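J.: To start, I am sharing the structure in question, which I have written as structure tokens.
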Amino acid sequence: MAEHVCYQIVESESRVFTFRAHLPSQSIPPLGALVQVETTEGQVIFGVVYRALVLRDDFLEQLGALNAAEVSSFFGDTNQFNVPVELSVASVGYRQPDGTIRQALPLRPPVFLDRVALCTQDEIVQFTRQLDYLYLLFNAVTDDDLIVEHVKLLVQAHQDKGNDFLLTVTRKVVRQLLDNPLRADRILSYLE
């Protein structure tokens with residue numbers, strides 16, 4: 001599993017799972033990032049972060065009623081408060097215990113407290129050798145800007161292939177969105 005900050009799942013269903021982090025103590029994966037969850041059965045589920053929600057915190061809300069000087073004099077550096085953030089992830093594939101990667105919905109969703117980690121560059125390259133999962137992503141995520149950010153992260157991970165990988169992604173986007181040429185055009189125009 002990736003050697004990055006790990007997070008724990010707080011909610012899960014077949015297509016989407018959610019994990020929680022805290023600002024500023026934990027770095028938060030960027031929107032569009034590929035993450036993975038290792039299940040107790042040895043399966044690794046891959047997903048793309050598509051939503052970040054800063055949660056309400058009653059203590060911090062009460063502090064907001066005070067002026068900044070009062071808060072600073074009483075608590076010191078206010079940047080040290082842990083603000084809870086929930087991140088939602090669209091499931092896009094899995095690796096079976098034998099190492100076979102499938103770009104399809106996982107056989108079962110991750111469970112509460114399974115650990116989530118940001119994928120390394122090598123793991124991104126390994127998972128994205130095929131791009132069939134983009135179909136799942138296009139159906140789960142309607143925000144084209146997020147799709148573009150995800151593709152940019154992929155191109156960066158495959159930078160050793162030069163423009164060849166970008167061309168491969170472009171072809172896949174066009175094929176996957178044949179029924180929605182306006183969306184395909186919008187996504188591709190951001191990639192230029």
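The values are calculated or read from the model by the stated rules, or taken from the named source; none is laboratory data. Every value quoted in this text rests on a predicted model; they were computed, and no experiment measured them. Reconstructed Cβ throughout: ideal geometry from the backbone, glycine too, with neighbour counts over all protein chains shown.
J.: Filter region 112-131 down to residues that are under 17 Å from Ala33 (Cα atoms) and of a type in the set (Asp, Glu) and give me whichever is surrounded by the fewest Cβ atoms within 10 Å (Cβ to Cβ).
T.: Of everything passing the filter in region 112-131, Asp122 is surrounded by the fewest Cβ atoms within 10 Å (Cβ to Cβ).
J.: Of everything in region 8-21, what is modelled with pLDDT of 85 or more and either among the basic types (Lys, Arg) or under 15 Å from Leu53 (Cα atoms) (or both)? Give them in sequence order.
T.: Ile9, Val10, Glu11, Arg15, Val16, Phe17, Thr18, Phe19, Arg20
J.: Another one. For Phe75, work out the one condition from (1) modelled with pLDDT under 70; (2) of a type in the set (Phe, Trp, Tyr); (3) under 12 Å from the mean Cα position of the chain (by Cα) it doesn't fulfil.
T.: Among (1) modelled with pLDDT under 70; (2) of a type in the set (Phe, Trp, Tyr); (3) under 12 Å from the mean Cα position of the chain (by Cα), the lone unmet condition for Phe75 is (3).
J.: Does Gln156 count as closer than 17 Å to Val35 by Cβ, of a type outside the set (A, V, I, L, M) and touching a helix residue (DSSP H, G or I) at 6+ places or on another chain (Cβ under 6 Å)?
T.: For Gln156, the condition - closer than 17 Å to Val35 by Cβ, of a type outside the set (A, V, I, L, M) and touching a helix residue (DSSP H, G or I) at 6+ places or on another chain (Cβ under 6 Å) - is not met.
J.: List the number of the failed condition for Asp114; all other conditions in (1) under 21 Å from Ala157 (Cβ atoms); (2) modelled with pLDDT under 90; (3) in contact with a Ser or Thr (Cβ under 7 Å, 6 or more places away or on another chain) hold.
T.: Answer for Asp114: the failing condition is (1).
J.: Let me ask you something else. Which residues, taken from region 82-111, are closer than 15 Å to Val16 by Cα, surrounded by fewer than 19 Cβ atoms within 10 Å (Cβ to Cβ) and among the hydrophobic types (A, V, I, L, M, F, W, C)?
T.: Ala104, Leu105, Leu107, Val111
J.: Looking at the structure I just gave you, is Leu60 in a helix (DSSP H, G or I), at pLDDT 90 or above and either surrounded by 16 or more Cβ atoms within 10 Å (Cβ to Cβ) or of a type outside the set (Gly, Ala, Ser) (or both)? Explain how you work it out, then say what you get.
T.: Working: in a helix (DSSP H, G or I): yes; at pLDDT 90 or above: no; either surrounded by 16 or more Cβ atoms within 10 Å (Cβ to Cβ) or of a type outside the set (Gly, Ala, Ser) (or both): yes.
Spelling it out, it is not the case that Leu60 is in a helix (DSSP H, G or I), at pLDDT 90 or above and either surrounded by 16 or more Cβ atoms within 10 Å (Cβ to Cβ) or of a type outside the set (Gly, Ala, Ser) (or both).
J.: Restricting attention to region 22-40, report how many residues are modelled with pLDDT of 85 or more and either part of a strand (DSSP E or B) or of a type outside the set (Val, Ile, Thr) (or both).
T.: Quick first cut of region 22-40, residues modelled with pLDDT of 85 or more only: 29-39.
Still in the list and also either part of a strand (DSSP E or B) or of a type outside the set (Val, Ile, Thr) (or both): 29-38.
Residues flagged as modelled with pLDDT of 85 or more and either part of a strand (DSSP E or B) or of a type outside the set (Val, Ile, Thr) (or both) within region 22-40 amount to 10.
J.: Tell me yes or no: at least one residue of region 181-191 is loosely packed, with under 14 Cβ neighbours inside 10 Å, in contact with a Leu (Cβ under 8 Å, 6 or more places away or on another chain), assigned to a helix (DSSP H, G or I) and in contact (Cβ under 8 Å) with a residue 12 or more places away in the chain.
T.: Within region 181-191 (the criterion being loosely packed, with under 14 Cβ neighbours inside 10 Å, in contact with a Leu (Cβ under 8 Å, 6 or more places away or on another chain), assigned to a helix (DSSP H, G or I) and in contact (Cβ under 8 Å) with a residue 12 or more places away in the chain), the answer is no, since none of the residues qualifies.
J.: One residue is enough: does region 112-135 have a residue meeting the conditions charged (D, E, K, R), within 25 Å of Thr18 (Cβ to Cβ) and part of a helix (DSSP H, G or I)? Can you show your working first?
T.: If we filter region 112-135 for residues that are charged (D, E, K, R), which is where we start, we get 114-115, 122-123, 129, 132.
From what is left, the residues that are within 25 Å of Thr18 (Cβ to Cβ) are 114-115, 123, 132.
Narrowing the set further to residues that are part of a helix (DSSP H, G or I) leaves 123.
For region 112-135, residues charged (D, E, K, R), within 25 Å of Thr18 (Cβ to Cβ) and part of a helix (DSSP H, G or I): present.
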